[in-house]
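Only one structure is covered here, and it is reproduced in the block below.
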């Protein structure tokens with residue numbers, strides 16, 4: 001996955017799309033969005049917005065979270 005995103009691009013992804021792009025479980029990304037949504041806007045690690053009863057996350061922040069803060073998706077133990 002290419003992680004080169006220019007700052008002028010506005011890239012909002014829904015939690016299902018974010019999970020697919022990052023390899024995380026959809027429920028995990030949804031819970032991450034909910035936790036960020038509850039924080040004051042200036043304290044959020046990932047920009048989050050709530051539209052049409054769904055969460056959207058700012059893709060550059062989500063990728064930064066995964067690279068720097070997150071633990072990453074679990075690998076298949078049978079491989």
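The values are calculated or read from the model by the stated rules, or taken from the named source; none is laboratory data. Predicted model, so just to flag it, every value in this text is computed and none were measured. Here the Cβ is made from the backbone with ideal geometry for all residues, glycine too, and neighbour counts use every protein chain on show.
Summary of values
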| item | result |
| --- | --- |
| Tabulated pairs, the stretch 58-70, first buried (at least 16 other Cβ atoms within 10 Å of the Cβ), second part of a helix (DSSP H, G or I) and modelled with pLDDT of 85 or more, C-beta under 7 angstrom, 6+ apart or interchain | 62/18; 62/22; 66/22 |
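Condition check ((1) under 15 Å from the mean Cα position of the chain (by Cα); (2) at pLDDT 90 or above) across all residues:
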| site | (1), (2) |
| --- | --- |
| 18 | yes, yes |
| 22 | yes, no |
| 33 | yes, yes |
| 41 | no, yes |
| 49 | yes, yes |
